[in-house]
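The block underneath contains the structure these notes are about, expressed in structure tokens.
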Amino acid sequence: MDAATPFPTPPGLRLVGFDGDDTLWRSEDYYRAAQADFERIVANYVDLADVHERLYAIEHANLALFGYGAKGMTLSMIEAAIAITGARITASDLQRIVDLGKTILRHPVDLLPGIREAVAAIAAEHEVVLITKGDLFHQEAKVRESGLADLFRRIEIVSEKDAGTYARVLGEFDLAPSQFAMVGNSLRSDIAPVLALGGWGVHMPYHVTWVHETHAELPDGTAARLRAAATPAELPAAVASLAAAAAASTPGDTRLPSATGAPA
Ligand SMILES: [Mg+2]
């Protein structure tokens, strides 16, 4: 490395992304409650042990059409109820299912204890962005209600959180993955794709996780770029630990796209 070659940007962590649902505010609890109510409605027609799995199979098959969120789940519940009951479900019970979806959409935003303080502490050291996926209208409402929007430099509401999405966001910030850490509850959506790109992650598990978000394979050799936090209060120290590791490793990283002219 030629010491005379300046880096256009300082080495180390430059941007910290936060997931929204079940990282900043509660979400999965409301979906779980709606699903339990759905199963009680369907149980009036059929006695099946696998209602749970049949609903998920339909939800999963519909994701590519409906995307994530409560509205897609509502349509999938209606489709599943018709299929599971052999089309015997009544219009009034279908209305109850629609109302379950509306209940999810109307739930008040309930921040995780200590999250505002944690995001503010991290924002004092790094640029922070919110990267959340799901229904645009619902996510916008949650961001607005959360009272956290002022802490974030930018809010990205995306349809899928995969490596391509993160690469696009980082490209817009003119940052390399090695300058980015993501904080979230989902290994599948928040952690694995960022580690795969060469970034950093802080996993903060939520007490319940949608089965879809639990399917994740972390890339080999990335454990050193991952930290765990049990509560929001642990997030600033976890990010500080990653920042120290990033500061130590970034100068040798030749993947910096903005380091034009830097020797390979
Ligand atoms: Mg989440």
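The values are calculated or read from the model by the stated rules, or taken from the named source; none is laboratory data. Note that this is a predicted model, so its numbers are computed, not measured. For neighbour counting, all protein chains shown are included, and Cβ atoms are generated from backbone atoms with ideal geometry for every residue, glycine included.
Odds and ends about this structure:
- Among (1) closer than 30 Å to PRO236 by Cβ; (2) surrounded by 22 or more Cβ atoms within 10 Å (Cβ to Cβ), the one test that ILE84 misses: (1)
- Selected residue (only one of THR209, THR222 is at pLDDT below 95, within 12 Å of the ligand (Cβ to nearest atom) and of a type in the set (S, T, N, Q)): THR209
- Within the stretch 228-243, being in a helix (DSSP H, G or I), over 16 Å from ARG14 (Cβ atoms) and either in contact with a helix residue (DSSP H, G or I) (Cβ under 9 Å, 6 or more places away or on another chain) or not small (Gly, Ala, Ser) (or both) holds for PRO232, ALA233, GLU234, LEU235, PRO236.
- Output for the stretch 23-49, where each listed residue is under 15 Å from the mean Cα position of the chain (by Cα) and in a loop (DSSP other than H, G, I, E, B): THR23, LEU24, ARG26, SER27
- Within the stretch 143-170, the set of residues being touching a residue at least 24 places away in the same chain (Cβ under 8 Å) and away from the ligand (no atom under 15 Å from the Cβ) comprises GLU145, GLY147, LEU151, PHE152, ARG153, ARG154, ALA163, ALA167, VAL169, LEU170.
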